[in-house]
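Scroll down for the structure; my scribbles are underneath it.
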Amino acid sequence: MHLDVQELRNFYYRQALGRAVQRSLRTAVMKIWPDTTGQTVAGFGFAVPLLRPFLAKSRRVVALMPGPQGVIAWPSGAANHSVLTDERFWPLETGHVDRLLVLHGLEASDDAAAMLEEARRVLGPGGRALFIVPNRAGLWSRSEKTPMGFGRPYSAGQLETLLRVHGFLPEKSTAALYQLPSQRRWWQKTAPVFERIGRRLPFLAGGVLIVEASKRVQPIQASKTPIPTKRPLRVLKGLAEPKPKPALSVRQNT
């Protein structure tokens with residue numbers, strides 16, 4: 001179930017809690033992908049809050065927004081980089097994306113298998129994808145006051161298994177968003193403290209899981225055509241199989 005694009009925009013750009021979420025996720029993403037100079041970066045779902053840092057140096061940045069969610073022009077006050085698309089058919093050429101960021105795309109998808117197939121198709125050789133989904137063990141997936149409370153949350157094992165099934169190889173896994181999903185000002189003031197503590201204590205459950213995956217290269221299938229065997233050499237056949245000498249005949253004197 002996709003949230004409406006207006007609800008997502010209001011949360012990330014007009015609410016203090018949404019801006020705090022944006023800062024937390026951006027910090028985690030930029031730590032994984034610090035430099036995308038000359039690369040093509042794409043986002044699917046509602047990834048625009050995390051794509052802005054890539055605009056300056058990337059060769060191309062495009063934001064794909066699924067039809068049931070809706071689309072907004074982005075970035076504000078500049079040339080548009082967003083496009084409305086069917087989650088099963090992305091308007092991108094095969095193998096042309098270097099970095100793909102999926103936020104509010106996988107957990108809300110009506111056809112996750114088809115969406116992942118498209119994600120794999122557009123990634124080029126050496127490409128990387130970041131999948132950000134609600135953590136089923138965290139508090140954020142239980143709160144419907146934020147976008148993380150909608151759709152299907154995942155555990156780390158579920159997400160990595162799903163990616164492997166659809167041709168991805170998980171490379172790195174982390175979590176983010178350790179602050180509480182509260183609009184109260186006091187809790188928001190303590191958000192930086194919770195973020196620092198959460199990153200150092202692995203047993204705390206972050207609000208979202210972040211998995212970086214590469215495009216798995218399928219193994220070459222063995223040929224079913226039988227390999228013809230070479231005909232054995234005949235030049236030594238006589239030596240290998242010596243013929244017995246004929247028996248001597250004995251003459252009788254008459």
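The values are calculated or read from the model by the stated rules, or taken from the named source; none is laboratory data. Just so it is clear, the model here is predicted, and its values are computed rather than measured. Cβ atoms come from the backbone with ideal geometry, glycine included; neighbour counts cover every protein chain shown.
Structure above, values below:
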{"quantity": "Residue in segment 86-108 that is more than 11 Å from the chain's Cα centre (by Cα) and among the aromatic types (F, W, Y) present", "calculated": "yes"}
{"quantity": "Complete set of residues in segment 93-117 that are part of a loop (DSSP other than H, G, I, E, B), touching a Leu at 6+ places or on another chain (Cβ under 8 Å) and either without any contact (Cβ under 8 Å) to a residue 60 or more places away in the chain or among the aromatic types (F, W, Y) (or both)", "calculated": "G95"}
{"quantity": "Residue that is at pLDDT below 95 and hydroxyl-bearing (S, T, Y), where the choices are T85, T40, T27", "calculated": "T27"}
{"quantity": "Condition broken by M115, with the remaining ones in (1) within 14 Å of G167 (Cα to Cα); (2) buried (at least 24 other Cβ atoms within 10 Å of the Cβ) satisfied", "calculated": "(2)"}
{"quantity": "Yes/no for D4 being in contact (Cβ under 8 Å) with a residue 12 or more places away in the chain and under 29 Å from E93 (Cβ atoms)", "calculated": "no"}
{"quantity": "Matching residues in segment 75-85 - criterion: being under 23 Å from the mean Cα position of the chain (by Cα) and within 15 Å of L50 (Cα to Cα)", "calculated": "H81, S82"}
{"quantity": "All positions within segment 49-72 that are among the small types (G, A, S) and outside any loop (DSSP other than H, G, I, E, B)", "calculated": "A63"}
{"quantity": "Filter result (part of a loop (DSSP other than H, G, I, E, B), more than 25 Å from V208 (Cα to Cα) and touching a residue at least 12 places away in the same chain (Cβ under 8 Å)) within segment 79-89", "calculated": "H81"}
{"quantity": "Filter result (within 22 Å of W33 (Cα to Cα) and assigned to a helix (DSSP H, G or I)) within segment 118-168", "calculated": "E118, A119, R120, R121, V122, A156, L159, E160, L163, R164"}
{"quantity": "Any hit, segment 179-194, residues being modelled with pLDDT of 85 or more, closer than 21 Å to V29 by Cβ, of a type outside the set (A, V, I, L, M) and not in a helix (DSSP H, G or I)", "calculated": "no"}
{"quantity": "Residue list for segment 8-65, restricted to those being touching a Leu at 6+ places or on another chain (Cβ under 9 Å), touching a residue at least 40 places away in the same chain (Cβ under 8 Å) and surrounded by fewer than 17 Cβ atoms within 10 Å (Cβ to Cβ)", "calculated": "I32"}
{"quantity": "Any hit, segment 117-134, residues being touching a Pro at 6+ places or on another chain (Cβ under 8 Å) and not basic (K, R)", "calculated": "yes"}
{"quantity": "Hits in segment 26-61 - residues which are more than 21 Å from K172 (Cβ to Cβ) and among the aromatic types (F, W, Y)", "calculated": "F46"}
{"quantity": "Leading residue by the ranking (surrounded by the fewest Cβ atoms within 10 Å (Cβ to Cβ)) among those in segment 118-132 that are in contact with a Gly (Cβ under 8 Å, 6 or more places away or on another chain) and among the aliphatic types (A, V, I, L, M)", "calculated": "V122"}
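Let's see how each residue does on (1) farther than 19 Å from Y12 by Cα; (2) in contact with a helix residue (DSSP H, G or I) (Cβ under 9 Å, 6 or more places away or on another chain); (3) at pLDDT below 95; (4) polar (S, T, N, Q):
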| site | (1), (2), (3), (4) |
| --- | --- |
| F44 | no, yes, no, no |
| V48 | no, yes, no, no |
| A56 | yes, no, yes, no |
| L101 | no, yes, no, no |
| E118 | yes, no, no, no |
